Structure formats: structure tokens, C-alpha cells
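Heads up, the thing below is written out as C-alpha cells.
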Amino acid sequence: MNAILGKLRTALLKTAKLQDQLESTTINLIAADNATPFKYLHKLPYKRYAITEGLLGKRPYAGVKYFDQIEQIAVDAAKYIFKADHANVQPHSGSQANQSAYLGLLANGDRVLAMSFSAGGHLTHGLKINFSGRFFDFSFYGVDADSGLIDYKEIEKKAIEIHPKMIVCGASSYPRNIDYEKLSLIARKVGAYLMADISHPVGLIATRVNPSPFPFVDVATLTLDKTLRGPHGGIVLCKQELREKIDKGVHPGTQSSIPLQRIVQIALCLIDAGSKEYELYTKQVIKNIKIFEKNFNQFSKSLVISGGTDTHMIIIDTYNVFGLTGKEAEFLLEEVGILTNRQVVPKETLKPYVGSGVRLGTAWSTSRGYLEQDFEILSNVILDTLKNPTDKKALSLNKKLVSTLVKKKRKNDTWA
């Protein structure tokens, strides 16, 4: 082998092992992450790498008879779980699912009303640095400055004012349930499509732990690797009358080929989402996050954005309570073995890359078998670490507590 490539190969193998070690020795509280069950990675009924392109039943390839059947199984499972008329399971990611929905239903320059980034919206919900903000005319709604909750009257007022072609709900860092029915009435009032990005709470919606957007929305987009704990990929769900537009938005609109192995993983993930085991998992996700809610609110009523959570995530204001930026808090918690991510908050005064808060989630840890008693310990570790950022003795003790939790053998660990 070429000497340079040989060194790169050695470095790759070494670094991959270090990443594996990192994931095995830390507790991941990043709300967008999950511990994908090994059966989706190592025990698939199909292990090869066939690809094809085109819509189901309309492929320009030979040898796709069983590919079509497998994709139809995934589609049927998605429709059943979410009570949707139609599902397209081909998007490579949540961002591409959103892009497909926009492309299928909107024209360049159409007006869209979505949640602002500081209130919890996603990059693909209209930021100028993203494709969505470049090709469509986005306006934004936020949350009530005091409660941190969606202000539906503000949405209605803005919708009447700008008459958007689409209203987008759902978010990347809004921890509360969304009133889809109320938004549906607003959308109908101004003749707009209503689209829900349910990428974060989708697993909780699958088991009705959180309310479903259907039948109130026209289209819903989702990812599979967050609370659904499936493979990386996206799905677009829609009403029957929008099927052709959505499908064309996916192909040929935004992508070409699709790998069969991922479609198999998606089908397995969705079938599992209808199991009793998975329902218990989603209920435990909520039980665990409620421990954070209780303990953080007891520490300070100013700490928890919106005062609590209905989903798998909670947002805390580290800057105004501890004097730590979100970036500083993220680095500090990683030092003791807890992975989180910095987050902007509704009354943000810092740059987005820095943020005033931290977002915490329980999807990954619950998949690894963590229970309420573990989150009692984690609550104390997080608060003590943020209170004592320069106390090396306290940080060392908290790191040991995290290490003890990590080493514990647990029932229902998806990585066991």
C-alpha cells in the first residue's frame, strides 16, 4: 500500500477506536442522539448493498422486484404507525425530507411562516444560511417572552398579515407539545399548507405519548435516528391529495439513488415502534426527563426554559443562572463525562454558536437502560458541575460518579 495512504488507514482505525471508546465511557444527553439498537446494524435480514432510483413501482432499473416489496413494507408500516394517507421513506435525512416537502408544495419565493431559530426552530426552517432561507421568503413567529410557550395569537396575527403559502410547526429545541388543531384552523383561515417537522418527538408520537399531528396537518417530516432510534434517514408523510407532489419533491426533485439496506432498517425500526417494548421505552423517556424537570426547577425557577417539558428534551439557561455560556457549560459537562449541546434561548443575547443555554435529552440514555434513580444522580452531577466550574475536587468527584453510572450493567440496554 502507498505509504501516505497506509498512514491514513492506520490513523483511521486508531481514531475510530477512540470514538468507540468515547461513546462507551460517557453518558450522551444530546437530544438529537440515540443508541441505535445493534439489531439494526448487525442483525439485518439483508446485508448487501443494492441501490436503485426512482419512485416505488416506477424504477428505471432491472432486478427491483423485491426492492419494491421491501420499500412497500416500510411505507405501509409508516402509514400504520402515524395514521397517514401516504409515506415516502426515501429521503436521506431530515433536512432532505424538509427540502422535498418545500420543493413539492412551494414555488421559489413563496412566503412561509415558521418558528424562529432562537425560539427553537431548525436551520431548515428558513435561516438565510440554509437552502430554505435562500429559496423561499420566510417570516417567523416566536414564543411568549415570559412563559417560553408558543404564542398562537401571534401566529394567527402574522399569518393574516402575510398570507403565507405554508406554515411550519415543529422545532429542534422546543420542549413542549404543539397544538396542531389550533394551527390547522389558522392555516385554513389563510389558505396555507400546514407542515409539521416532528423529527424530535416522532418516537413519542408513534406511541401517542405525545399528540399526533394527523389529521390536522397536510404534511409531516421526520427523522428516524432520534426518538425512533432507527437508522439515519428521513420520511415525508402527507395527505392523499398531496402524494404526487411530495413524491416528485423527493424524486427527481432532491435525490436520485437509495440504498436498500437503509430501507430494510427503516422497515424494522417502524415495525418495532408498534411493539409493547418500544411503548414502554417511550414512557420511560418521559419518566427520566421529568426527574430533570423536578430537580432543575427545585434548584431555580429561572433555570428551565418554559418551566418544564412534555417531550424527551429540556432546555436550561446556564448563562443567566450560572454565568456560563452554553459553549462553556457544554465543555464543562463533557469534562466530567456528560455529552450535551449548547443552545440558544428565547431571549438570546449571545452569538448562536455560543448560546446562553444547554439542551439535554433522555432518548440515548433510556435506550441504554438508565432509569429514574440514575437521573437523580445525573441531576445532582449536572447542577454541582455547573455551580463549581473551577473546583477541581468537585469536578473529579462528579467524573467518578458518571464513570460509576457508565460501568453499571443494565436491563434493556440496546447495546448489550
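The values are calculated or read from the model by the stated rules, or taken from the named source; none is laboratory data. None of the values given here were measured: they were computed from a predicted structure. Please note: Cβ atoms are built from the backbone with ideal geometry, for glycine as well, and neighbour counts cover all protein chains shown.
Residue-by-condition table, conditions (1) in contact with a strand residue (DSSP E or B) (Cβ under 7 Å, 6 or more places away or on another chain); (2) touching a residue at least 12 places away in the same chain (Cβ under 8 Å); (3) closer than 26 Å to L123 by Cβ; (4) crowded, with 24+ Cβ neighbours inside 10 Å:
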position	(1), (2), (3), (4)
I305	yes, yes, yes, yes
D310	no, yes, yes, no
T318	yes, yes, yes, yes
F322	no, yes, no, no
T340	yes, yes, yes, yes
P352	no, yes, yes, no
T362	no, yes, yes, yes
Report summary line: Over the range 350-385, the set of residues out of contact with any helix residue (DSSP H, G or I) (no Cβ under 8 Å at 6 or more places or on another chain) and in a loop (DSSP other than H, G, I, E, B) is K351, P352, R368, G369
Query raised in the report: Can you name the residue in the range 62-109 that is in a loop (DSSP other than H, G, I, E, B) and of a type in the set (A, V, I, L, M, F, W, C) and, of all such residues, is nearest to A206 (Cα to Cα)?
Result: A84
Query raised in the report: Hey, among L270, L333, L280, which residue is modelled with pLDDT of 95 or more, surrounded by fewer than 24 Cβ atoms within 10 Å (Cβ to Cβ) and in a helix (DSSP H, G or I)?
Result: L280
Query raised in the report: In the range 136-149, what count of residues is obtained for those that are touching an Asp or Glu at 6+ places or on another chain (Cβ under 9 Å), surrounded by 18 or more Cβ atoms within 10 Å (Cβ to Cβ) and under 23 Å from L242 (Cβ atoms)?
Result: 1
Requested in this report: Could you list, in sequence order, all residues of the range 27-61 that are in a strand (DSSP E or B), farther than 23 Å from G361 by Cα and under 24 Å from the mean Cα position of the chain (by Cα)?
Outcome: none
Report summary line: Within the range 113-124, residues surrounded by 21 or more Cβ atoms within 10 Å (Cβ to Cβ) and in contact with an Asp or Glu (Cβ under 7 Å, 6 or more places away or on another chain) come out as H122
Report summary line: Filtering the range 360-375 for residues that are farther than 21 Å from E334 by Cβ and of a type in the set (D, E) leaves a count of 1
Requested in this report: Enumerate the strands (runs of 3 or more DSSP E) found wholly within the range 162-245, keeping only those where 3 or more residues are out of contact with any strand residue (DSSP E or B) (no Cβ under 9 Å at 6 or more places or on another chain).
Outcome: none
Report summary line: Residues of the range 24-67 being surrounded by 18 or more Cβ atoms within 10 Å (Cβ to Cβ) and without any contact (Cβ under 8 Å) to a residue 60 or more places away in the chain, in sequence order, are L56, V64
